[in-house]
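Just so it is clear, none of the values below were taken in a lab; they were calculated from the coordinates. Being a predicted model, the structure only gives us computed values, none of them experimental. Every residue, glycine as well, gets a Cβ built from its backbone with ideal geometry; the counts of neighbours run over all protein chains shown.
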Amino acid sequence: MTAAPAIEARGLRRVFRVRQGLFAEPRQVVAVDDVSFSVPAGSVLGVVGESGCGKSTLARLILGLLPPSAGDVLVDGKRLAELDRRARARLIQPVFQDPFASLNPRRRVKDIVAMPLAAQGDVPSAAMASRVAEMLARVGLSEEQGERYPAQLSGGQRQRVAIARALVLRPRIVVCDEPTSALDVSVQAQILNLLAELRRELGLTYLFISHNLAVVEHVASEVAVMYLGRIVERSEAEALFRAPGHPYTRALLASVLTPEPGLGVPDVGLGDAMPDPANIPPGCRFHPRCPQAFDRCPREAPAAWATAGGFAECHLLEPTAPAGLAGAGASQRQLAR
Amino acid sequence: MLDVRGLRVEFGGRTAAVRGASLRVSKGETHCLVGESGCGKSVTALAVMNLLARGAKRDAEVLSFAGQDLLRLSDSRMSRLRGDRMAMIFQEPMTSLNPAYTVGSQMTEVLRRHRGTPRAQAVDRAAELLGLVGITAPGMRLGQYPHQLSGGLRQRVMIAMALMCDPELLVADEPTTALDVTVQAQILRLLATLRRDLGLGILLITHDLGVVARVADRVSVMYAGEVVESAPTAELFAAPRHPYTRGLLRCVPVPGKTRRGEPLGSIPGVVPRIPPGFRGCAFRDRCEHAAPNCAGAVPRRPAGPEHEFLCTLPADWTLREAAA
């Protein structure tokens, strides 16, 4: 395949400076630390991790809403930093978590959906109206609902409006940041089904960010696991769920409570230490919580080693790791990165 | 221990939030009340604790706790009971902890107010409980303010505070919804341990069927203010009878079980708002089995010794459907 990947991140890094008191020295918070990946056109990259792991910052970097401190984002082979806002909007669009906060409460639904077209400045109003109507129908909203205000719609309907607005410019890529987290399960299923259908029909590429692994497993073709700003494991989705390489991924998977009675609540074994992005541990950043940490982990940052479906950054995967500790089954060679 | 029968809550004559809900919680039992937002599960919990907003009307056939009739209890006697023998924890620990007081002063206040315990003794008890809920260095935590704690720690503090007076019943309203999955697992394990070691009865309110499956002894499914199905946990998941319960279970993606990329089962439409005086099944507009008689009286049918559901379909309809 010679086609450029839909999204490519190269060495992305984003640092925030935060002041914790009026006279305190500002501290550096590394929200995203040397993140590289590429997403082939038409596929779905799921990004998972706990709150504070940098997944939403990553979404904002990919959308160009936040400039990176270092590194590059390429969308459809073009450097995001070199595109103007209109061109960017035609390529990549967001769907955010909270459809209550992301829709202007004082505008009608059809005007909200028309906004990206109007912002382009060169779409005739007749064409605009027909494209809005077409898009509303496509996401399952009636013409009558297009006349309403967001407050008159349910959470699921509002998320449909947000999806219609994202797709009205026919972008190639949609960044979905927790698109169903605010919704009830019955509505979540409706929205996930709609997103899957639209992807197939319109050939879209998704960056799908969620804390819900079960949802990510259902929608993603590839998964990136983030921990304190780094992608600590990336893998083809099926392999990740079958044979997770990183101890953190295993803990995340273990803590998914599937609706299967009798299994009880698993002991995730992560202990009390909570990750703090302003205070990243030396060596492997996961070592204070890792049930399998050994003497090397606090001293040395692990390299990326091959796993069944991708790579993971863990000393245990190194072929020379202490006997009996190495993860089973993975073909182990260091990846050229 | 807790016996609720025919509970009704109305808000200003416009909305019937709870419409004849019944449930019981025994000593050492976890009873899960599950449903989507707006189904009345939180209102049910608040009604039990008598914490409803002014303007809400509460009524029930039976509402008793450990033999006491909560309907006839005066406000002052109820407030003595609350936090003492029955305690409640909420979803968002940041909004239910006072940001201006240290963890220690909030925790000891419970004991000093209900029992008149001297400060030093109350502090010891608070430290002991923080240890019990798995907080390391409890002495240091007592001097900290809520904003200095992570979400998981705050929720543990809430739980420890609820346990200060050795309650017999803990009402927990979505205690892990705001937390990361890894922390959620830790908190749920803690609740299970407390139930086992202290014989605590727990009424756990959640929208998450995964949580229900893993911690509940018994489940009540709520829809539009009614308990539409109630059963022991294993039975509810193995043989759900109400079309709503069945629909909900099909909506949840399960790694390794639901086929990747295939559409999930979903329930069309949204939870309706029910006015007082509504007749018939509230789910009928969303139900694939709806029939004309669903607009009339809906019977509560037994489907097992401790399993019942509220539907016009016969108890064995799922078997007949499977055979057909």
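Things to note:
- For chain A, the fraction of alpha-carbon pairs in successive 20 Å shells from zero, as %: 29, 55, 16, 0
- Extents of the stretch B:99-155, largest first, come to 31, 24, 16 Å (Cα atoms, principal axes, whole angstrom).
- The label point for B:Thr95 and the one for A:Glu260, both projected 7 Å from the Cα toward the Cβ, are 3.5 nm apart.
- Values of log10 I(q)/I(0), in the order q = 0.12, 0.14, 0.16, 0.20 Å⁻¹, for the stretch A:52-120 under a Debye, Cα-only, solvent-free model: -0.40, -0.54, -0.68, -0.96
- The stretch A:7-220 - charge dipole about Cα centre, Lys and Arg +1 at Cβ, Asp and Glu -1, debye rounded to 20: 560
- Of the DSSP H helices in chain A, those with a Cα length along their own long axis of 15 Å or more and a mean Kyte-Doolittle hydropathy reaching -0.5 comprise A:109-120, A:125-138, A:155-167, A:185-202.
- The residue list B:Thr15, B:Leu319, B:Leu142 was ranked by how far each Cα lies along the charge dipole of chain B toward its positive end, using unit charges on Cβ atoms, and B:Thr15 comes out on top.
- Rounded to 5, percent antiparallel among DSSP beta bridges of the protein assembly as shown: 60
- Rounded Å value of the spacing that divides the Cα centres of the stretch B:178-230 and the stretch B:72-129: 23
- A simple spin-label model places the labels of B:Ser37 and B:Ala239 3.6 nm from each other, with each point 7 Å out along Cα-to-Cβ.
- A straight line joining the Cα centroids of the stretch A:86-129 and the stretch B:49-70 runs 49 Å.
- DSSP loop trypsin sites (Lys or Arg not before Pro) with at most 11 other Cβ within 10 Å: longest gap in chain B: B:73-256
- Residue mean of other protein chain beta carbons inside 10 Å, B:258-271: 6
- Rel. contact order, % - alpha carbon contacts under 8 angstrom, at least six apart, chain A: 18
- Using equal-weight Cα scatterers in the Debye expression, the normalised intensity of the stretch B:186-324 in log10 at q = 0.10, 0.11 Å⁻¹ is -0.40, -0.48.
- Dipole moment magnitude, nearest 20 debye, the stretch B:94-166 about Cα centre, only Lys, Arg, Asp, Glu C-beta charged: 100
- Relative contact order of chain B, defined on C-alpha pairs under 8 angstrom at six or more residues apart (%): 22
- Residues of the stretch A:45-73 with amide N under 19 Å of a point placed 7 Å along Cα→Cβ from A:Ala119: A:57-68
- Cα gyration tensor, the stretch A:249-317 - rounded (a/c under 1.5), prolate or oblate: oblate
- Overall dimensions of the protein assembly as shown, expressed as equivalent-ellipsoid semi-axes from the Cα gyration tensor (√(5λ), whole Å, largest first), are 41, 34, 25.
- At most 13 other Cβ within 10 Å, DSSP loop - trypsin sites (Lys or Arg not before Pro), the stretch A:66-135: A:Arg106
- Total formal charge among the other residues, if their Cβ is under 10 angstrom from that of A:Ser235, Lys/Arg +1 and Asp/Glu -1: -2
- Divided by 2.2 N^0.38 Å, where N counts the residues, the Cα radius of gyration of chain B comes to 1.05.
- Selected from A:Phe311, A:Val256, A:Met274, residue furthest toward positive end of dipole (the stretch A:249-317; charges at beta carbon): A:Phe311
- FRET efficiency, B:Ala297 to B:Asp217 (Cβ-Cβ, R0 30 Å, nearest 0.05): 0.45
- For the stretch A:230-270, the residues whose amide N sits under 17 Å from a probe point set 7 Å from the Cα of A:Ser69 along the beta carbon direction are A:230-231.
- Over the stretch A:107-232: Kirkwood hydrodynamic radius from C-alpha pairwise inverse distances, Å: 15.6
- With at most 13 neighbouring Cβ atoms within 10 Å, loop GluC sites (Glu not before Pro) (DSSP) excluded, longest segment of chain B: B:62-287
- Between B:Arg77 and B:Thr318, residue separation times 0.36 nm minus the direct Cα-Cα distance comes to 82.0 nm.
- Top of A:Gly262, A:Gly155, A:Gly71 by mean-square fluctuation, Gaussian network on chain A, Cα under 10 Å: A:Gly262
- Per-q log10 I(q)/I(0), the stretch A:173-257, q = 0.16, 0.26, 0.27 Å⁻¹ (Debye; single scatterer per alpha-carbon; no solvent): -0.66, -1.40, -1.44
- Under the convention that each Lys and Arg Cβ holds +1 and each Asp and Glu Cβ holds -1, the size of the dipole of the protein assembly as shown around its Cα centre is about 1180 debye.
- Mean sequence separation of contacting Cα pairs (under 8 Å, at least six apart), scaled by the length of the stretch B:94-166, corresponds to a relative contact order of 45 percent.
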